[in-house]
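Remarks on the structure that follows.
The values are calculated or read from the model by the stated rules, or taken from the named source; none is laboratory data. This one's a predicted model, so the numbers in the text were calculated from it and none came from an experiment. Methodologically, a virtual Cβ is constructed for each residue, glycine included, from the backbone with ideal geometry; neighbour enumeration extends over all protein chains shown.
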Amino acid sequence: MTVGTVFERKVPLHKWVVATYLLSSSKKGISAHQLHCLLDAQYKTAWFMAHRIREAMVLIDTGPMGGGGTMIEADETDFGRVPGNSRKATLPANHLKNSSGSPYAISTGIAANI
């Protein structure tokens, strides 16, 4: 299950998940020593895990999804919630209507120079 991933090592998967959570959720980062104490693992293992996880988090420029100038379509997308129902209830995108009764046109894109 972990072959070919950053988790390929003789470290239990639950420790990898906890380490990934700790590294990604801490505002100022987390040291290998702190990771070693929290995971109850050797320092060398904690350092290796932190190094691997940080390397996997590096942003790579893959370009726009689908390539340049192509349109991406999404089916059965949910937006908002059903009025009067619980917070979890959502409306399918094709049921959203404006005040005149026609469906909304939803378009997304990448904002440049923010």
Go through the stretch 31-45 residue by residue and tally those that are buried (at least 18 other Cβ atoms within 10 Å of the Cβ) and touching a Leu at 6+ places or on another chain (Cβ under 7 Å). 1
Could you check, for the stretch 46-65, whether at least one of its residues is surrounded by 12 or more Cβ atoms within 10 Å (Cβ to Cβ), at pLDDT below 90 and of a type in the set (Phe, Trp, Tyr)? no
So, first residue under 11 Å from Ala50 (Cβ atoms) in the stretch 11-39, second residue surrounded by 12 or more Cβ atoms within 10 Å (Cβ to Cβ) and hydroxyl-bearing (Ser, Thr, Tyr), Cβ within less than 7 Å, six or more apart or across chains; the pairs are Ala32/Tyr43; His33/Tyr43; His36/Tyr43
